[in-house]
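Chemist: Pasting a structure here, questions to come.
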Amino acid sequence: MTTMSIRTCPLCEATCGLELTIEDGSVKVIRGDKEDVFSHGFICPKGTTLGRLHEDPDRLRAPLIKKNSEFVEVSWDEAIAAAGAGLRAIIDAHGASATAAYVGNPNVHNLAGSLYLRPLLKALGSPNVFSASTVDQMPKHVSCGAMFGSPDLIPVPDIDRTDYLLMLGADPYESNGSLATAPDWPGRMAAIQERGGKIVTVDPRKSKTAKASDEHLFIRPGTDAAWVAALITTVLEAGDVELPDFMIGLADAKEALAGFTAESVAAATTIPAETTRRIAVEFATAPSAVAYGRMGTHTTEYGTLASWLVDLLNAVTGNLDSPGGAMFPMAAIVTPQAAPGGRGFQTGRYRSRVGGHPEVRGEMPSAALVEEIQTPGEGQVRALLVVGGNPARSIPDSERVEAALDQLEFMVAVDVYLTETARHADVVLPPPSVLERSHFDVAFTSLMVRNTANYSPPTFEKPDDHPAEWEILLALTAAIQGNDLPVAHMDEAGAAALLAKALTNPASPAFGTDQVVAWDEVSRFTGPQRILDIRLRTGPYGDGFGTNPDGLSLQKLIDNPHGIDLGPLEPRLPLASNNPDGQVHLAPSEFVADLPRLAAILDTPSTPFVLVGRRQLRSNNSWMHNVEVLVKGKERCTLMMNPADADVLGVDPGGSVTVTSEAGQVDAPVELSEDIMPGVVSLPHGWGHDDPEARLTVAARRPGVNSNVLSNRTDIDPLSGNARLNGIPVELALVSSHRAG
Ligand code: SF4
């Protein structure tokens, strides 16, 4: 029998609509859904492989417990009880601070992970929470927190209307976009050019994105913040800038940035002063323009400054919160706000035990996980809970991470694979497959370049004896708390509290609705569906339980499987500001105070070689490497190097070199390319599947090398705790000049 399933791809931020053809219970083909209101049929190679992930024999179907150093399959009751008892024992003996949690990136791509992690982390009660955010986008959260009062109020490039797109350290041709949810970046970029606009990409590598741009500028890794500062100074020098009254601090920003001129940053960035001045004029005079910085700008020691300055450039040119500029999406599930102003954002409410790192969004830098496990003393981390993450490959100083994981007294992993991290666990709890889950992009609806809502029911029913992911997370929560409440009861209590609060929000269309009536309506769903229904119906487009009959509800999304278009982005300031004064802060004092550190790089001679990462279309951080069709063919985990550097080193294509940093050493095959700046080498991240105890059969055949062996756990952006993964000083030494054999 042949059936069709329409669902949103959960693999990356692009949120493409997919059309799955199911024959006799298995996926025959996956195509882009042409009727999807946002992606219009776009799909990338990864999206075609969801069926292979579902059917992968390496995917865990039952929980595992390590007994006598071997994993054995056990019942769910036994596994959950063992996980809870192990964590509880550490808490009882040493306190909650002797535990830690690491939360991986897949959680933001999954409904249960987005909605049920908070109670689990609360039950654990540890201050030691780590996540993939501090090897990725934490600088953006911090800069937006300080400027707009909320770390989740992030402006995205309005690429469908802009006339000028300036991209720094971003490669959406390979990544499919990040902190800017937009299926089909190539098509949307082409549309900018077709309507007469211009795209400039600034990157140490002439990526596919750069090649599709109108202009590409090489820049020395780690200097983006200084260059954007010089653009701002150039704009401000040119004349008076008039901004709305609610944007405050322009004079402070101008004074603080005065030392960053087109001339003063030229040597460090390698961008000539006349080019900087020309780009500043082009940007400021375009009918609309937007600067957009991503991984290459965030994963440096100056990530927060770069993130702030990108939005400051948008602001001083009149392009913040303006069509074609940087705009704030209005997600279908965001809590509506009645007036500007809120609690604001602060960091450093407590500090890490060993390094004294300030807390940011309730997290510690992932680069500090090792020291918290390995440093003796009160509060030493002895037990770890990992949910959908692979810190053994994803965070700095990976070799020491593995040693630290071995040192733990107890570890639980929630993962569908026995990864290089999960294999260290005592208990492994695998959620159902990606096609056995419902889906709604909780996080990415707040980053969409056009407001959209889309819900996917499960494609396949999960096996009856396999709990849903939300049930696993809630059962683990109960086990840690030592309570014997049924999961359904806990879920009901959480949903009822959420509903009660939402009905008292005067800005909600559901304000004042009778709670009993509303509860009856939402309770035809359970679990994440009920929470989603509450948030949709009480959200800015919600049906308000009848006050806005054409508004959103979960049922309405179910009835519209290709999604609902909620229109282009609209200006949201100052109403959206969550700063206590309701204003937008252009020159947060902590950022101004950090500028001398940035200024110091202008006079610092650069090291002979620096390492940067690179994204790959067929790769998704450390996973998707177990899908044969995505990894077959030519070697992808190569050290990309300019031919001029290779000549000096005496290495040919296919030869290999040893790359040494302060943190470690790897040998990597060389790929020569004129596309990378001399003095810069590049390794993709997420590889290094050489652990014989992991269960990743396909990935192990093409292991690649782990670039995070080279990243240093002490190299972090002090404002956000984000690791430096780009611009790492390295030395190169020849291993073999030619391909072996
Ligand atoms: S671009 Fe992202 S969301 Fe779209 S098909 Fe590929 S992996 Fe899935």
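FYI, it's all coordinate maths here, none of it is from the lab. Since the structure is predicted, the reported quantities are computational estimates derived from the model, not experimental observations. Counting neighbours? That spans all protein chains shown, and the Cβs are built from the backbone with ideal geometry, glycine included.
Chemist: Where does the charge balance sit around Lys140 when Lys and Arg score +1, Asp and Glu -1, over other residues with C-beta under 12 Å from its C-beta? Show your work: numbers first, answer last.
Modeler: Values: positive: Arg294, Arg361; negative: Asp136, Asp152, Asp311, Asp717.
Summing Lys/Arg as +1 and Asp/Glu as -1 gives -2.
Chemist: Now, a different point. Would you be so kind as to identify which of His424, Thr134, Gly563 lies farthest towards the positive end of the dipole of the chain, taking Lys and Arg as +1 and Asp and Glu as -1 on Cβ and the Cα centre as origin?
Modeler: Going by the Cα projections, it comes out as Gly563.
Chemist: Quick one: net charge of Phe410's neighbours, Cβ under 11 Å, K/R +1, D/E -1?
Modeler: Taking every Cβ under 11 Å from that of Phe410, the sum is +1.
Chemist: In whole Å, what is the distance between the alpha-carbon centres of the stretch 207-252 and the stretch 47-124?
Modeler: 43 Å
Chemist: Could you give the C-alpha radius of gyration of the chain expressed as a fraction of 2.2 N^0.38 Å, taking N as the number of residues it contains?
Modeler: Dividing the Cα radius of gyration by 2.2 N^0.38 Å gives 0.92.
Chemist: Under 8 Å for C-alpha pairs, at least 6 residues apart: give me the relative contact order for the stretch 607-736, rounded to a whole percent.
Modeler: 37 percent
Chemist: So, one more: With r as the distance between the Cβ atoms of Ala338 and Ala85 and R0 = 60 Å, compute the FRET efficiency 1/(1 + (r/R0)^6) and round to 0.05.
Modeler: It comes out at approximately 0.85.
Chemist: If you don't mind, another one. Could you pull out the trypsin sites (Lys or Arg not before Pro) across the stretch 187-288 that fall in loop regions by DSSP (anything but H, G, I, E, B) with no more than 11 other Cβ atoms inside 10 Å?
Modeler: Arg195
Chemist: Separate question: With each pseudo-label sitting 7 Å past Cα toward Cβ, what's the Lys67-Asp245 distance in nm, one decimal?
Modeler: Taking the two extended label points, one gets 7.3 nm.
Chemist: Residues in the stretch 285-314 near a label at Asp163, defined as backbone nitrogen under 20 Å from the 7 Å Cα→Cβ point?
Modeler: Counting only backbone N, you get 285-292, 313-314.
Chemist: State, to one decimal in nm², a quarter of the convex hull surface area for the C-alpha atoms of the stretch 230-366, i.e. the direction-averaged projected area.
Modeler: Computed as one quarter of the Cα hull surface, the answer is 11.2 nm².
Chemist: Just the projected area, averaged over all directions, of the convex hull on the alpha carbon atoms of the stretch 580-677: how many nm²?
Modeler: Taking the Cα atoms of the stretch 580-677, their convex hull projects to 11.3 nm² on average.
Chemist: Using mean Cβ contacts within 10 Å as the protection proxy, how do 324-337, 153-166 order, highest first?
Modeler: The peptides rank, most packed first, as 153-166, 324-337.
Chemist: Averaged across orientations, what area in nm² does the convex hull of the alpha carbons in the stretch 607-736 project?
Modeler: 8.5 nm²
Chemist: Assigning unit charges at the beta carbon (Lys, Arg +1; Asp, Glu -1) and nothing else, what dipole magnitude in debye, to the nearest 20, does the chain show about its Cα centre?
Modeler: For the chain, the charge dipole is close to 320 debye.
Chemist: On to the next question. What length, rounded to one decimal in nm, is gained on full extension from Glu274 through to Asp647, with 0.36 nm per residue of separation minus their alpha-carbon distance?
Modeler: That works out to 131.1 nm of additional length.
Chemist: Could you give the dipole magnitude of the stretch 607-736 about its Cα centre, charging the beta-carbon of Lys and Arg +1 and that of Asp and Glu -1, in debye to the nearest 20?
Modeler: Details: 11 positive and 16 negative charges, 121 e Å.
Computed about the Cα centre, the dipole is about 580 debye.
Chemist: Expressed as a rounded percentage, what relative contact order does the chain have, with Cα pairs under 8 Å and six or more residues apart?
Modeler: Relative contact order here is 20 percent.
Chemist: How large is the dipole of the stretch 187-253 about the Cα centre if only Lys and Arg carry +1 and Asp and Glu carry -1, each at its Cβ, rounded to the nearest 20 debye? Mind dumping the intermediate values first?
Modeler: On the way: 8 positive and 10 negative charges, 149 e Å.
With Lys and Arg at +1 and Asp and Glu at -1, about 720 debye.
Chemist: Another question, if that's okay. Just going by the charge dipole of the chain, with Lys and Arg at +1 and Asp and Glu at -1 on Cβ, which of Thr8, Leu385, Leu532 is farthest out on the positive end?
Modeler: Thr8
Chemist: Using 10 Å bins from zero, what percent of all Cα-Cα pairs in the stretch 419-561 falls into each bin?
Modeler: 10, 34, 34, 17, 4, 0
Chemist: Could I ask something else about it? Ranked highest first by the average count of other Cβ atoms within 10 Å around their residues, in what order do 456-462, 12-18 fall?
Modeler: Working: 456-462: 17.3, 12-18: 25.0.
Order by mean packing, descending: 12-18, 456-462.
Chemist: Can I ask one more? Alpha carbon centre of the stretch 636-694 versus the stretch 514-579: separation in Å?
Modeler: Using only Cα atoms, the two centres lie 49 Å from each other.
Chemist: State the antiparallel share, in %, of DSSP beta bridges confined to the stretch 607-736, rounding to the nearest 5.
Modeler: The antiparallel fraction comes to roughly 75 percent.
Chemist: Cα to Cα, under 21 Å, and not fewer than 8 places away if on the same chain: which lysines meet these conditions relative to Lys211?
Modeler: Straight-line reach from Lys211, under 21 Å: Lys198.
Chemist: 7 Å from Cα along Cα→Cβ at both Val281 and Asp550: what's the point-to-point distance in nm?
Modeler: A separation of 4.8 nm, rounded to one decimal place.
Chemist: With unit charges on the beta carbon (Lys/Arg positive, Asp/Glu negative), name the residue among Ala191, Pro157, Pro718 whose Cα is farthest towards the positive pole of the charge dipole of the chain.
Modeler: It is Ala191, whose Cα lies furthest towards the positive end.
Chemist: In percent, how large is the relative contact order of the stretch 434-540, given Cα pairs closer than 8 Å and 6 or more residues apart?
Modeler: Here the relative contact order equals 19 percent.
Chemist: Still on this structure: Classify the stretch 97-151: rounded, prolate or oblate, from the alpha-carbon gyration tensor (a ≥ b ≥ c, eigenvalue square roots; a/c under 1.5 rounded; otherwise prolate if a/b is larger than b/c)?
Modeler: prolate
Chemist: Using the Cα gyration tensor of the stretch 85-242, with a ≥ b ≥ c the square roots of its eigenvalues, what is the shape: rounded (a/c below 1.5), prolate (a/b larger than b/c) or oblate (neither)?
Modeler: In terms of gyration-tensor shape, prolate.
Chemist: If all Cα-Cα distances of the stretch 464-503 are sorted into 5 Å bins from 0 onward, what percent lands in each bin, rounded to whole numbers?
Modeler: 5, 23, 25, 22, 15, 8, 2, 0
Chemist: Also, quick follow-up: Antiparallel as a % of all DSSP beta bridges within the chain, to the nearest 5?
Modeler: 55 percent
Chemist: Between beta-carbons, use under 14 Å as the cut-off and find the net charge around Gly567, counting Lys and Arg +1, Asp and Glu -1.
Modeler: Combined, the nearby Lys, Arg, Asp and Glu give -2.
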